[in-house]
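Taking it in order: structure first as structure tokens, then the write-up.
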Amino acid sequence: MAGKTRRHWPAWMTALLLAAQASASVPHPENYAGTDGLEGPALAQTLQAISARGHRPLSYKAVWDLLEETDQDPDRPGYIKTFYSRKSVPKHCKSGKGGRRCPHVWNREHVWAKSHGFPGQRQWAYTDGHHLRAETERCNSMRGNLDFAEGGDEIERCKARRVANTSWEPTDEVKGDTARILFYMAVRYDGDPRDNTPDLDLVNHPTHTGQPQFGKVCDLLKWHRLDPVSLSEQRRNDIVERRQGNRNPFIDRPDFAERIWAASCPATAGQPATPG
């Protein structure tokens, strides 16, 4: 779940950032009663209970229909917008059904790679709509199960950078989206046997296949700050809630990420600047 180490910013800096983020997006304040004043593991545990409430697991087949709605290209009816590569692809050009006339074929990308904790379809995290996104087969394969971190060689077709066998850096447009997806997964799944999913944990070091861990949390926190919650994320959160029954709290309340992970990360770009 959340990291255990603590490192405090100056009180004025923390208060300024949390106030700004808390006021940025609170469409469902009633959902988060009991979170005031909590930080670190205590807040993460409370959010686990909140995000689990009402969750109805989807079938993996149902995810196709979900993505056709959540990842709809707002500018082109009948098309989806892929997550990393930002391509507009006809909805019918999906994996296993795309014909020769489809220049790109899309499939279901697990942003938290399923090989990191939940390889089976009966595990709730496997079909969790909050972290499944539409992506081209090519870019889904190139990303594989790499951690998220900054740096690497440019992969132009995927609008990303990759360090071979190590990490993936998505385009700036979805860096915050990526971070908030992973924050959600880390608090939603804490090893509850009813979810048939192990305790998922965000760390700040490279991870390995089979481990229920993902990184790098400090890069993710930086991305969360630099790419704020968008209207499309809020719309997506509403749709997933309607179909699956629960919400991503980090979209509703961006300040939660700071209150859980900021003390575990060194100073990074994106923090409030010290007044001159």
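All of the numbers you see were taken from the coordinates with simple rules; none came from a lab. Just so we're clear, the structure is a prediction, and the values are computed from it rather than from any experiment. FYI the Cβ positions are ideal-geometry reconstructions off the backbone, even for glycines, and counts take in every protein chain you see.
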**OP:** Could you tell me which of the pairs 91/159; 81/114; 175/216; 81/216; 61/114 are separated by over 18 angstrom between their Cα atoms in the structure shown?
**Re:** 91/159; 81/114; 81/216
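With a Förster radius of 30 Å, plug the Cβ-Cβ distance of residue 230 and residue 138 into 1/(1 + (r/R0)^6) and report the FRET value to the nearest 0.05.
Efficiency for this residue pair is about 0.75.
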Original post:
If contacts are Cα pairs under 8 angstrom and at least 6 residues apart, what is the relative contact order of the chain in percent?
Top reply: 26 percent
Subject >> Simple label model, 7 Å out from Cα along Cβ direction - residue 122 to residue 45, nm >> reply: 3.0 nm
Subject >> Residue-count net charge about residue 64 - beta-carbon cut-off 15 Å; Lys, Arg +1, Asp, Glu -1 >> reply: -1
Original post:
In the chain, with Lys and Arg counted as +1 and Asp and Glu as -1 at Cβ, which of these residues, 88, 230, 251, has the Cα nearest the positive end of the dipole, that is, farthest along it?
Top reply: 88
Original post:
Taking residue 222 as the anchor, which aspartates and glutamates have their alpha carbon closer than 14 Å to its alpha carbon, excluding any fewer than eight residues away along the same chain?
Top reply: 150, 169, 172, 173, 177, 255, 258
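Where Lys and Arg each count +1 and Asp and Glu each count -1, what net charge lies around residue 162 among other residues with Cβ under 10 Å from its Cβ?
Residues near residue 162 contribute -1 overall.
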Subject >> For residue 53, net neighbour charge (Lys/Arg +1, Asp/Glu -1) across residues whose Cβ lies under 14 Å away >> reply: -2
**OP:** With a cut-off of at most 13 other beta carbons within 10 Å, and DSSP calling the residue loop, which trypsin sites (Lys or Arg not before Pro) in region 94-138 qualify? Please list them.
**Re:** 97, 100, 101, 122
Original post:
Expressed as an acute angle from 0 to 90° and rounded to the nearest 10, what is the orientation of the C-alpha long axis of helix 217-226 relative to the principal long axis of the chain?
Top reply: 90 degrees
Subject >> R0 of 41 Å, Cβ-Cβ distance residue 69-residue 199: FRET efficiency to nearest 0.05 >> reply: 0.85
Original post:
Tell me, in nm to one decimal, what length is gained between residue 62 and residue 30 on full extension, where the rule is 0.36 nm per residue of separation less the Cα-Cα distance?
Top reply: 8.6 nm
Original post:
Taking the Cα atoms only, what angle lies between the long axis of helix 40-52 and the longest principal axis of the chain, rounded to 10 degrees?
Top reply: 40 degrees
Original post:
Rounded to the nearest 5, what % of the DSSP beta bridges within region 41-264 are antiparallel ones?
Top reply: 75 percent
